[in-house]
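Undergrad: Here it is, the structure, as structure tokens.
Computed from the coordinates by the stated procedures, all read-outs in this text should not be read as laboratory data. None of these values were measured; they are calculated from a predicted model. Neighbour counts run over all protein chains shown; Cβ positions are idealised from the backbone, glycine included.
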Amino acid sequence: MRMRPLIRRILIASLLASQAACAKTPPAVQEGDVIFQTSRSAQSLAIQLATGSRYSHMGIVLFRAGKPYVFEASATARYTPLQAWIDRGEGQHYVLKRLRTATTSLTPAAIKKLYAAARTFEGRPYDLTFEWSDQRVYCSELAWKMYDRALDLKIGELQHLRDFNLSAPAVQQKLLERYHGRIPLDEQVISPVAMYDSPLLTTVAQQ
């Protein structure tokens, strides 16, 4: 009987040590990194099916007060702490990519331009209809435009809505909800997978 409290403490300590050992360490990021995940949002499956990719959300890593954040288009264009952003994704899985020319392209002056671009978008509402305007923005549009306007780098090939696989029931349902039968098939768009597959980026970390 006297051993039970001791055994309990040993078991608890062992469990905590095991959890600490299994804890996932945030990646070593640099300003300007591009990070991808599978979102748990209501539209995630439709995006995955339409684009043929598991990745349905993304953002750009920037720092605030020395700490890493992801600048993303979610409910609005905003900064989210890196670990909170990772935790929000499916299975905490992410892929972190970086410009292949980062050592020469992402100079302090270039990083300042990325921050300036972020300021022009911060607070803009999320674009549920994926229009190519600045009034509202979606995740890959935000990242693409920031790099294009700050550094004149076009990460990923632009497409049109008609170029995607729109036949799956989950996709059709979202199209009906968003467009009510008037689908703008010629709308210019940029998808997360187009940026993911860009030869301008290289993978530096994932889990």
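Undergrad: Hey, how much of the P(r) for the chain falls beyond 30 Å, as a percent of Cα pairs?
TA: 28 percent
Undergrad: Rounding to the nearest 20 debye, state how big the charge dipole of the range 25-206 is about its Cα centre with +1 on each Lys and Arg Cβ and -1 on each Asp and Glu Cβ.
TA: Dipole magnitude for the range 25-206 comes out near 400 debye.
Undergrad: Ok, one more. Sort VAL137, VAL171, VAL204, VAL70 so that the residue with the fewest other Cβ atoms within 10 Å of its own Cβ comes first and the one with the most comes last.
TA: VAL204, VAL171, VAL137, VAL70
Undergrad: May I ask you to list the residues of the range 137-175 whose amide nitrogen lies under 14 Å from a point 7 Å from Cα along the Cα→beta-carbon direction of ARG100?
TA: Backbone N within reach: 154-156.
Undergrad: Can you figure out the FRET efficiency of LEU185 with HIS93, using R₀ = 25 Å and their beta-carbon distance, to the nearest 0.05?
TA: 0.20
Undergrad: Can you tell me the 0 to 90 degree angle between the C-alpha axis of helix 3-22 and the longest principal axis of the chain, rounded to 10?
TA: Rounded to the nearest ten degrees, it is 30.
Undergrad: Ranked by Cβ crowding within 10 angstrom, fewest neighbours first, how are SER191, SER133, SER74, SER41 ordered?
TA: SER133, SER41, SER74, SER191
Undergrad: For the Cα atoms of the chain, what angle does the longest principal axis make with the long axis of helix 169-179, in degrees from 0 to 90, nearest 10?
TA: Approximately 60 degrees, to the nearest 10.
Undergrad: Enumerate the residues in the range 142-164 having an amide nitrogen under 11 Å from the point lying 7 Å beyond the Cα of TYR115 toward its Cβ.
TA: The answer is none, because no backbone nitrogen lies closer than 11 Å to the label point.
Undergrad: Additional query: Once both axes come from the Cα atoms, what is the angle between helix 139-151 and the longest principal axis of the chain, in degrees from 0 to 90, rounded to 10?
TA: 70 degrees
Undergrad: Just subtract the alpha-carbon distance of ARG40 and SER167 from 0.36 nm times their residue separation and send over the number in nm, one decimal.
TA: 43.6 nm
Undergrad: Determine the relative contact order of the range 37-147: mean sequence separation of Cα pairs under 8 Å and six or more apart, normalised by residue count, in whole percent.
TA: Result for the range 37-147 is 29 percent.
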